[in-house]
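Peer 1: Take this structure, written in structure tokens, and hold onto it; I'll ask about it next.
The values are calculated or read from the model by the stated rules, or taken from the named source; none is laboratory data. Remember, it's a predicted structure, so these values are computed and weren't measured experimentally. Here Cβ is always computed from backbone atoms with ideal geometry, including for glycine, and neighbour counts include all displayed protein chains.
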Amino acid sequence: MESMIRDVNLAPGGQLKLDWVQAHMPLLNLIRSGFEREKPFQGKKVTICLHLEAKTGYLATVMQAGGAEVCMVASNPLSTQDDVVAALVKNGIHACAWYNASDEEYHMHLNQALDFHPDLIIDDGGDLVSLLHSHRGDQTKEIIGGCEETTTGILRLRSMEKSDALRFPMIAVNDAYSKYLFDNRYGTGQSVWNGINRTTNLVVAGKTVVIAGYGWCGKGVAMRAKGLGARVIVTEIDPIKAMEAIMDGFSVMTMEEAAPLGDFFITVTGNVNVIRKEHLAVIKDQALLANAGHFDVEISKGDLGAVAVSKRTVRNNIEEYVLPDGRKVYLLAEGRLVNLAAGDGHPAEIMDMTFALQALSLKYAYENQGRLENKVYPVPEEIDQKVARMKLDTLDVKIDRLTEEQKEYLAGWRS
Ligand SMILES: NC(=O)c1ccc[n+]([C@@H]2O[C@H](COP(=O)([O-])OP(=O)(O)OC[C@H]3O[C@@H](n4cnc5c(N)ncnc54)[C@H](O)[C@@H]3O)[C@@H](O)[C@H]2O)c1
């Protein structure tokens, strides 16, 4: 198949990026060696829809080492790195993506990646699965199974499963311990601030940061905001998460109360219109708005556009909106995931674990073809444990093992 990419001549720069992450993904390197020997995907086609940058690119080469023919497509047009895409194509991987693709181009790329007729898929946010089920129903029977990367995608899959709409099995990679405890918390925690800091080049210490959503990602973003010296306010809709934020030392209030106080606002809820017109009516002058949730729907761009009297780009990835009374607010990366659209995403060492889960879970889906129903499955516990254990090995960290006496003690109930 023909790749659809910006410029293949960008490949040397992209190859350097691939080499850099490979050097920092020891677990994936081990899996790659195993795949090279066993060729678990020999003769199969895999379409991977992820943020198209170096770490995901390296995952694609690992699947290729396992015998698969691979096609990559972007899960978000603003996180695509054209040089990495070019390097992948030079490495024999098909790709349909370029940076800043329009909506129309983005959908053309997704369709092209499905014209490849994959047997197995990896999705991030559910766009590939959704397109398969809504517009390419006949093709769903060709799909043996797949893996989903993120919280938002799993929510969509579960609602498809509930209404009996899902036509092939999907593994919920996000819900593995080895994923969300590290990727969502420490990965998002670090990379969101990396994206905001490199985009704004403004100080965080002494400022007030409002974080909407105290889930796994929100906890990481809050933890790192505190480390940078900010006062942190959390907004939540779940009373337990709100209590957790309080016990972690943060203030909790409604968005309406927080709006006039915050210097930075970061939404990471997976929900829609978390910052909207009633908040814009009272928001602090010069507030910076960033989103880290999967879709660009958490900060209402519709409301921003409707209430603003003017809008201009003031810096790469920063749009200034002037409100009727002269207050200004700044939207980062068009409200798309700030760590990917205005940064390089999570650190390679973190994605090492996540992509190890992806590679092993897809192998599991393939090997269990015919045994899995059209449902959303958790990552098997053995794979979750194995990934954590292998990661410890790469860090040369040893842990204790249960003695026979301890096993017996834990399994017993008599005092
Ligand atoms: N930026 C990244 O790199 C990255 C990484 C992983 C996940 N994600 C995405 O981030 C989002 C959150 O993921 P998560 O794993 O933290 O999910 P989560 O389910 O653990 O947490 C989401 C939290 O948001 C809260 N929430 C929902 N609606 C809210 C509202 N209106 N106001 C305030 N709080 C609200 C929920 O109660 C929950 O505590 C998802 O869209 C996920 O796909 C992004």
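Peer 1: Could you check ILE143 against (1) closer than 21 Å to ILE171 by Cα; (2) within 16 Å of the ligand (Cβ to nearest atom); (3) not charged (D, E, K, R) and say which number it fails?
Peer 2: (2)
Peer 1: Every residue in the range 146-165 that is closer than 18 Å to GLN358 by Cβ and out of contact with any Gly (no Cβ under 9 Å at 6 or more places or on another chain), please.
Peer 2: If the condition is that a residue be closer than 18 Å to GLN358 by Cβ and out of contact with any Gly (no Cβ under 9 Å at 6 or more places or on another chain), then GLY146, CYS147 are the ones that fit.
Peer 1: With the structure loaded, tell me whether THR80 is buried (at least 24 other Cβ atoms within 10 Å of the Cβ) and part of a loop (DSSP other than H, G, I, E, B) or whether it fails that test. Show your work before the answer.
Peer 2: Numbers: buried (at least 24 other Cβ atoms within 10 Å of the Cβ): yes; part of a loop (DSSP other than H, G, I, E, B): yes.
Answer is yes for this residue.
Peer 1: Please verify whether LEU114 is of a type outside the set (D, E, K, R) and either in contact with a helix residue (DSSP H, G or I) (Cβ under 6 Å, 6 or more places away or on another chain) or within 19 Å of ALA341 (Cβ to Cβ) (or both), treating the condition exactly as stated. Walk me through it before giving the result.
Peer 2: Working: of a type outside the set (D, E, K, R): yes; either in contact with a helix residue (DSSP H, G or I) (Cβ under 6 Å, 6 or more places away or on another chain) or within 19 Å of ALA341 (Cβ to Cβ) (or both): no.
For LEU114, the condition - of a type outside the set (D, E, K, R) and either in contact with a helix residue (DSSP H, G or I) (Cβ under 6 Å, 6 or more places away or on another chain) or within 19 Å of ALA341 (Cβ to Cβ) (or both) - is not met.
Peer 1: Which residues, counting only those in the range 138-188, are more than 22 Å from ASP384 (Cβ to Cβ), of a type in the set (A, V, I, L, M, F, W, C) and in a helix (DSSP H, G or I)?
Peer 2: Result: MET160, single match.
Peer 1: Here are some residues: GLY153, GLY92. Which one is assigned by TED's automatic domain parsing to the domain that holds GLN358 and within 24 Å of THR188 (Cβ to Cβ)?
Peer 2: Details: GLY92 fails: within 24 Å of THR188 (Cβ to Cβ).
On inspection, the qualifying residue turns out to be GLY153.
Peer 1: Something else: Examine the range 143-154 for a residue that is more than 19 Å from the chain's Cα centre (by Cα), buried (at least 16 other Cβ atoms within 10 Å of the Cβ) and either without any contact (Cβ under 8 Å) to a residue 60 or more places away in the chain or closer than 18 Å to HIS51 by Cβ (or both), and state whether such a residue exists. Step through it out loud before you land on a result.
Peer 2: As a first pass, look at the range 143-154 and keep what is more than 19 Å from the chain's Cα centre (by Cα): 143-145.
Of the ones still in play, those that are also buried (at least 16 other Cβ atoms within 10 Å of the Cβ) are 143-145.
Applying the additional criterion that residues be either without any contact (Cβ under 8 Å) to a residue 60 or more places away in the chain or closer than 18 Å to HIS51 by Cβ (or both) yields 143.
Yes: one or more hits.
Peer 1: Restrict the check to the range 124-137 and report whether at least one residue is within 19 Å of SER361 (Cα to Cα) and in a strand (DSSP E or B). Spell out how you get there, then give the answer.
Peer 2: Kept after step one, since they are within 19 Å of SER361 (Cα to Cα), are these residues of the range 124-137: 124-126, 128-129.
Now narrow it down to the ones that are in a strand (DSSP E or B): none.
No; the residues of the range 124-137 include none that is within 19 Å of SER361 (Cα to Cα) and in a strand (DSSP E or B).
Peer 1: Residue under question is VAL203, and the condition is that it be farther than 14 Å from GLY293 by Cα, more than 9 Å from the ligand (Cβ to nearest atom) and either modelled with pLDDT of 95 or more or outside the structural domain of LYS301 (by TED's automatic domain parsing) (or both); does it hold? Spell out the reasoning first.
Peer 2: Values: farther than 14 Å from GLY293 by Cα: yes; more than 9 Å from the ligand (Cβ to nearest atom): yes; either modelled with pLDDT of 95 or more or outside the structural domain of LYS301 (by TED's automatic domain parsing) (or both): yes.
In short, yes.
Peer 1: Shifting gears a bit: Given the condition of a type in the set (Lys, Arg) and either within 16 Å of the ligand (Cβ to nearest atom) or under 18 Å from the mean Cα position of the chain (by Cα) (or both), answer yes or no: does some residue in the range 366-381 qualify? Steps first, answer last, please.
Peer 2: So in the range 366-381, the residues of a type in the set (Lys, Arg) come out as 371, 375.
Those left that are additionally either within 16 Å of the ligand (Cβ to nearest atom) or under 18 Å from the mean Cα position of the chain (by Cα) (or both): none.
Checked against the condition, which is being of a type in the set (Lys, Arg) and either within 16 Å of the ligand (Cβ to nearest atom) or under 18 Å from the mean Cα position of the chain (by Cα) (or both), the range 366-381 yields no hits at all.
Peer 1: Considering only residues that are of a type in the set (A, V, I, L, M, F, W, C) and surrounded by 19 or more Cβ atoms within 10 Å (Cβ to Cβ), which ones fall in the range 165-201?
Peer 2: Keep residues of the range 165-201 that are of a type in the set (A, V, I, L, M, F, W, C), which gives 165-166, 168, 170-173, 176, 181-182, 192-193, 196.
If the condition is that a residue be of a type in the set (A, V, I, L, M, F, W, C) and surrounded by 19 or more Cβ atoms within 10 Å (Cβ to Cβ), then LEU166, PHE168, MET170, ILE171, ALA172, VAL173, ALA176, PHE182, VAL192, TRP193, ILE196 are the ones that fit.
Peer 1: Related question: Anything in the range 4-36 that is among the β-branched types (Val, Ile, Thr) and under 16 Å from VAL84 (Cβ atoms)? List them, or say none.
Peer 2: At the first step, the residues of the range 4-36 found to be among the β-branched types (Val, Ile, Thr) are 5, 8, 21, 31.
Residues satisfying the conditions are ILE5, VAL8, VAL21.
Peer 1: Please report, ordered by residue number, the helices (runs of 4 or more DSSP H) entirely within the range 1-74 with at least 1 residues that are over 25 Å from LEU114 (Cβ atoms) and touching a residue at least 12 places away in the same chain (Cβ under 8 Å).
Peer 2: On the way: elements: 11-23, 26-38, 54-65.
Output list reads 11-23, 26-38.
Peer 1: Of the residues that sit in the range 186-200 and are more than 20 Å from THR235 (Cα to Cα) and of a type in the set (Val, Ile, Thr), which one is farthest from the ligand (Cβ to nearest atom)?
Peer 2: The extreme case among them is THR200.
Peer 1: Inside the range 262-352, counting only helices (runs of 4 or more DSSP H) that do not spill past its ends, which hold 3 or more residues that are near the ligand (Cβ under 10 Å from one of its atoms), buried (at least 20 other Cβ atoms within 10 Å of the Cβ) and in contact (Cβ under 8 Å) with a residue 60 or more places away in the chain? It would help to see each step written out before you state the result.
Peer 2: Numbers: elements: 277-280, 301-307, 338-341.
Per the criteria, 338-341.
Peer 1: Further question: Quickly run through the range 29-53 and pick out the residues that are out of contact with any strand residue (DSSP E or B) (no Cβ under 8 Å at 6 or more places or on another chain), closer than 29 Å to THR140 by Cα and among the hydrophobic types (A, V, I, L, M, F, W, C).
Peer 2: Across the range 29-53, the qualifying residues are ILE31, PHE35.
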